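What follows is one structure encoded as structure tokens, with my remarks underneath.
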Amino acid sequence: MPSCRFLGSLTTPSVHVTIDTGNHFFNQTLDGFLKIGTVAATRSIAEDSFKAINGGKLSKHGLERSLKKMCKEGAYWGTVAGVYVGMEYGVERIRGTTDWKNAMIGGALTGALVSAATNNDKDRVLSDALAGGAIATASVFLN
């Protein structure tokens, strides 16, 4: 029975941009902000482009709304990512070790901080802290 195999590897393109602020903490935080902010902005514009194409409507008002949404989403998620990266780095420096616990603590602190900034419900802040810690820990184990 004839068969064939594909041997090779697929790689994704990578773009590296380095901005040196002179402080490793700020470098890490800015890097997280830029990477995740770009992903969020790209997702937002792709979603709105799909809706415009699928709906058959493209207008100046719709384009302006999409650009505002793109900037808002990019800034929000970039800020959350920057806070998380900064928290994780700070925890790593305080503990003096690199392990999954840094991600868990950084994720929990970030979840609590972002939640506290957006609402006043203590139970919600605690729930978001637990979710942030769980997601950050899971991401370390999955990587």
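The values are calculated or read from the model by the stated rules, or taken from the named source; none is laboratory data. Bear in mind that the values here come from a model prediction, so they are computed numbers and not experimental data. FYI the Cβ positions are ideal-geometry reconstructions off the backbone, even for glycines, and counts take in every protein chain you see.
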Screening ASP31, ASP20 for residues that are part of a loop (DSSP other than H, G, I, E, B) and either in contact (Cβ under 8 Å) with a residue 24 or more places away in the chain or farther than 24 Å from ASN143 by Cα (or both) leaves only ASP20
Filter the range 108-126 for residues that are of a type in the set (S, T, N, Q) and more than 19 Å from the chain's Cα centre (by Cα); the one that is nearest to GLY82 (Cα to Cα) is ASN119
With the requirement that a residue be touching a helix residue (DSSP H, G or I) at 6+ places or on another chain (Cβ under 8 Å), assigned to a helix (DSSP H, G or I) and either surrounded by fewer than 17 Cβ atoms within 10 Å (Cβ to Cβ) or among the hydrophobic types (A, V, I, L, M, F, W, C) (or both), what does the range 108-120 give you?
ALA108, LEU109, ALA112, LEU113, VAL114, ALA116
Exactly one of ILE53, ILE135, ILE45 is within 30 Å of PHE26 (Cβ to Cβ), surrounded by fewer than 18 Cβ atoms within 10 Å (Cβ to Cβ), more than 14 Å from the chain's Cα centre (by Cα) and not small (Gly, Ala, Ser), and that one is ILE45
So for the range 90-107 (the condition being closer than 21 Å to ALA134 by Cβ, buried (at least 20 other Cβ atoms within 10 Å of the Cβ) and in contact with a Ser or Thr (Cβ under 6 Å, 6 or more places away or on another chain)), does at least one residue qualify?
yes
Give the residues of the range 99-134 that are of a type outside the set (D, E, K, R) and in contact with a Gly (Cβ under 6 Å, 6 or more places away or on another chain), sorted by residue number.
MET104, GLY107, ALA108, THR110, GLY111, ALA129, ALA131, GLY132, GLY133
Per-region count, the range 14-42, residues surrounded by fewer than 16 Cβ atoms within 10 Å (Cβ to Cβ) and among the small types (Gly, Ala, Ser)
2
Which of the residues belonging to the range 54-94 are over 16 Å from ALA40 (Cα atoms) and assigned by TED's automatic domain parsing to the domain that holds VAL39?
ASN54, GLY55, GLY56, LYS57, LEU58, SER59, LYS60, HIS61, GLY62, LEU63, GLU64
Condition first: free of Cβ contacts under 8 Å to residues at least 24 places away in the same chain, buried (at least 17 other Cβ atoms within 10 Å of the Cβ) and small (Gly, Ala, Ser). Can you find one or more residues in the range 121-132 that meet it?
yes
